[in-house]
Amino acid sequence: MTEFMQRALELALKGQGHVSPNPMVGCVIVKDGEIIGEGWHEKYGGPHAEVNAVRSLEDEAQVEGSTVYVTLEPCSHHGKTPPCADLLARLKPKKVVVCNVDPNPLVAGRGLKKLSDVGIEVETGLLEKEGLALNKRFFTAMTKKRPYVILKWAQTEDGFIAREDYTSKWISGENSRELVHQYRAEEDSILVGTNTARYDNPSLNVRFDIEGKDPLRIVIDRNLELSGDLKLFDGSQPTICYNTQKNETGKNLEFKTLNFEEELFPQILENLLQRGIHSIFVEGGRFLINKIIEAGLWDEARVFTGKVKFGKGIEAPKINLAPSASMDIGEDRLTLYSNSEYEKRPSGH
Ligand SMILES: NC(=O)c1ccc[n+]([C@@H]2O[C@H](COP(=O)([O-])OP(=O)(O)OC[C@H]3O[C@@H](n4cnc5c(N)ncnc54)[C@H](OP(=O)(O)O)[C@@H]3O)[C@@H](O)[C@H]2O)c1
């Protein structure tokens, strides 16, 4: 039933910002048309959704004969926790329904096979697109072997991201800035180019009383010319500086060399994936964002357009795609672009 899977998807979302690089997963146990148990994967390394749903019951024997709705195929391998497929196989629900088969090669159909091998009915593909959208970061990391990339910038009504003197205050309003902090809390990392670090001196942390962890900060600085006094280098939050000069790891600050003679962004993607980073929020500037757009290595763009006009300055990047949505955020207009097959489109179920 779609409504039960919808509930499992809602529960899964509660794990946002807490479970990466694991996928977000929700689980609902249904008997006689009623939800009797619910759970979700709450934090990385903690129990999976199925385990939490079973624990929410008075007695695990209630699972027998039930239908279990779980947004992602139950795992079949021993990771940080024992396999959920084994748990369900032992507790004998009548049926297990999932949105998506797990793309992780360690699972990939094996969890479902464990269930069908003991006579449990298995259904896949219920709210499939919603499941893919929920875990777009995880699916991108598994299938494209790179983190999910979200571009963000604020532009004036006449299409500039900064003035000629590189200043860019105040293009967008308070509501937009608050939303950006929410967006930061949802991703594993935030990346900026050298000039953005130099001229804007951003903190790239999560403020506005928004709950969530501060993402990994990443800055590009080819010849280590940026001042050590910038907020990015204050050691308050994990930070990586990609450069050509040194490899060095200090408290919350790592310098890592890459080959700047070759395209840099693909190397950044590869290095971050190796570290278990599944998403990057790119906060400019123009040079960096244009490089990423040219390479087609982006999944979403979130563009805030303010009411102010600069007349001249640094032109905003342009995207050659129709927007997927747009909405008012306070006085500003937010336009969304999607370049990912995992972005939400209704599945028609
Ligand atoms: N309105 C907004 O939303 C917004 C957001 C961010 C920034 N800004 C404004 O944008 C301006 C900066 O824009 P920008 O285009 O000059 O700066 P940027 O993209 O932040 O920095 C450009 C520099 O970073 C290095 N870099 C960036 N991407 C690279 C890549 N893929 N490969 C190799 N090197 C790369 C290069 O440094 P080297 O030349 O040293 O190699 C490049 O010259 C500032 O005025 C800032 O205020 C506005």
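Every number here is computed from the coordinates shown, using simple stated rules; none is lab data. Keep in mind that what you see is a predicted model, and the values were worked out from it rather than measured. Positions of Cβ are generated from backbone atoms using ideal geometry, with glycine treated the same way; all protein chains shown enter the neighbour counts.
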What fraction of the DSSP beta bridges in region 140-338 is antiparallel, stated in percent and rounded to the nearest 5?
-> 40
Put in order of increasing Cβ neighbours within 10 Å, starting from the fewest, Asp158, Asp165, Asp188 give Asp165, Asp158, Asp188
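Which order, highest average first, do 91-97, 197-203 follow once you tally other Cβ atoms within 10 Å for each residue and take the mean per peptide?
On the way: 91-97: 19.0, 197-203: 17.1.
Put in order of decreasing packing, that is 91-97, 197-203.
If you count the DSSP beta bridges with both ends in region 2-134, what percent of them are antiparallel, to the nearest 5?
Working: 10 of 19 bridges.
Roughly 55 percent of the DSSP beta bridges within region 2-134 come out antiparallel.
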D (Stokes-Einstein, µm²/s), Kirkwood Cα radius, the chain, 0.692 mPa s at 37 °C = 151
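Report, in debye and to the nearest 20, how large the dipole of the chain comes out about its Cα centre when Lys and Arg carry +1 and Asp and Glu carry -1 on their Cβ. Before the final figure, lay out the partial values.
On the way: 44 positive and 52 negative charges, 106 e Å.
Using Cβ point charges on Lys, Arg, Asp and Glu, the chain gives about 520 debye.
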Region 2-134 - Rg over Rh from alpha carbon coordinates, Kirkwood radius = 0.92
Determine the relative contact order of region 2-134: mean sequence separation of Cα pairs under 8 Å and six or more apart, normalised by residue count, in whole percent.
-> 22
Asserting the computed 222 nm helical MRE of the chain (DSSP H runs at least 4 long, -39500 (n - 2.57) per run, divided by residue count, to nearest 500) equals -7500 deg cm²/dmol
Answer with one residue from Gly235, Ile210, Leu191: the one whose Cα lies farthest towards the positive end of the charge dipole of region 191-260, charges on Cβ with Lys, Arg +1 and Asp, Glu -1.
-> Leu191
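Roughly what % antiparallel, to the nearest 5, for the DSSP beta bridges in the chain? Before the final figure, lay out each step's value.
Values: 26 of 61 bridges.
Roughly 45 percent of the beta bridges in the chain run antiparallel, per DSSP.
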